[in-house]
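Peer 1: Next up is a structure, given as C-alpha cells.
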Amino acid sequence: MADMVGKALRVLSLLGEYPDGVGLSELARRAGYPVSTTHRLLGSLQEQGFARSDPASKRYALGLRLFELGQRVSHARGFAGVALPVLRALTEQTGEPTLMAVLDGHQQVYVHSVQGPRQIQIRGEPGRRGPLHCTAMGKCLVAFAPDREALVETLELAGLAPRTITSRAEFAREIATVRSQGYAIADEEHEPGIRAVGVPVLGPDGHAIAALSTAAPAYRMSVAELEAFVPALREAARELGAVLPR
C-alpha cells in the first residue's frame, strides 16, 4: 500500500510540471512506471479530484481538489495572493463582502472571500463548493464557460430556495440574459434572505477564468442597490483578468 501511495504522489508531482497537460505515455516514461500502472494511478487520482483529463487531447493535468486543499491551508495561514488586494479594495468601496469562485465541473469552488465592516454579512469559505444555477457567481461562470450550452442542458436545477430557477427553459433564458448584460443577480435563489450580484473575470478568449460577487442580506440591500455595484465589480474583474493564471 505504501508503495502505491508513493507512486501516486510521484505521478501527482510530475503532473505539476505540465500546467498544459501531458500524455499518458510521456507521463509513464517520466515516472518510470509501466503505462498500465500509470493509467491505474491516474484513474484513482481522478476519482478523488486530484487529477483531470481532457477527452479531446487525451492529456492529464492537476485537478482542482489540490487547489481546494491549498486554499484551505492558504486561508488558515493568511497568505494574501494576488487577488486579495483587489478584493479588499472592492469591499472598501461597497462596504459589503466580496467573494471569488472558479468553475469545477457542475459546481463552483470558492477561492477567496473578503469580509466587510458590517456585523451581519455573507461568508464564502475558501475551498468550499457551491451550486451554479442559483448563485450570481455560478450564473456568470456558466454564461461565460466554453461549454455553456452543455452546462445549461445538463446542470441539476435543484430547488434550494423558494425563488430558485428550476425550469430548464427559464434557466436558459436567464443565462442568455447574464451573457448579454455581463452580470448576474441572485435574488434569494440560493438561500432565503440573501441577494448577490456577480460578474465574470474574463480571459483573452472571452471565457470566464473566475467570477466575483458582492452579497448582502435582502433586508439591507435591494436588487437596484446591488446593481449599482456592477461598475466597481467590472473594474475589479478587469484588474484580476490581467493577473490571474489562465
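Peer 1: Tell me, which residue of region 150-169 that is in contact (Cβ under 8 Å) with a residue 40 or more places away in the chain and under 16 Å from E189 (Cβ atoms) is surrounded by the fewest Cβ atoms within 10 Å (Cβ to Cβ)?
Peer 2: Taking the candidates together, the pick is E156.
Peer 1: Search region 182-193 for residues that are within 18 Å of L141 (Cβ to Cβ) and open to solvent by 40 Å² or more (accessible area, probe 1.4 Å) and pair each with any residue that is of a type outside the set (A, V, I, L, M, F, W, C) and assigned to a loop (DSSP other than H, G, I, E, B) when their beta-carbon atoms are under 6 Å apart and the residues are at least 6 apart or on different chains.
Peer 2: Within 6 Å, the pairs are H190/T135.
Peer 1: On to the next question. List the number of the failed condition for D147; all other conditions in (1) closer than 25 Å to E227 by Cβ; (2) open to solvent by less than 80 Å² (accessible area, probe 1.4 Å) hold.
Peer 2: (1)
Peer 1: Need the failing condition index for T214 against (1) in contact with a Phe, Trp or Tyr (Cβ under 8 Å, 6 or more places away or on another chain); (2) free of Cβ contacts under 8 Å to residues at least 40 places away in the same chain; (3) over 23 Å from D147 (Cα atoms), just the number.
Peer 2: For T214, the exception is condition (2).
Peer 1: Same structure again: So, of the residues in region 113-122 that are closer than 17 Å to A83 by Cβ and outside any strand (DSSP E or B), which turns out to be modelled with the highest pLDDT?
Peer 2: Only one residue tops the list, namely Q115.
Peer 1: Within region 108-119, identify whether any single residue is under 21 Å from P200 (Cβ atoms), over 12 Å from the mean Cα position of the chain (by Cα) and aromatic (F, W, Y), and answer yes or no.
Peer 2: No, because not a single residue in region 108-119 is under 21 Å from P200 (Cβ atoms), over 12 Å from the mean Cα position of the chain (by Cα) and aromatic (F, W, Y).
Peer 1: Looking only at strands (runs of 3 or more DSSP E) that lie completely in region 1-112, which have at least 1 residues being open to solvent by 60 Å² or more (accessible area, probe 1.4 Å) and at pLDDT 85 or above?
Peer 2: Qualifying strands (runs of 3 or more DSSP E): 51-54, 59-62.
The values are calculated or read from the model by the stated rules, or taken from the named source; none is laboratory data. Just so you know, these numbers come straight off a predicted model, no measurement behind them. Here Cβ is always computed from backbone atoms with ideal geometry, including for glycine, and neighbour counts include all displayed protein chains. The protein model used for the area step is the full one, side chains on, heavy atoms only, and it has no ligands, DNA or RNA in it. Shrake-Rupley method; radii C 1.70, N 1.55, O 1.52, S 1.80 Å.
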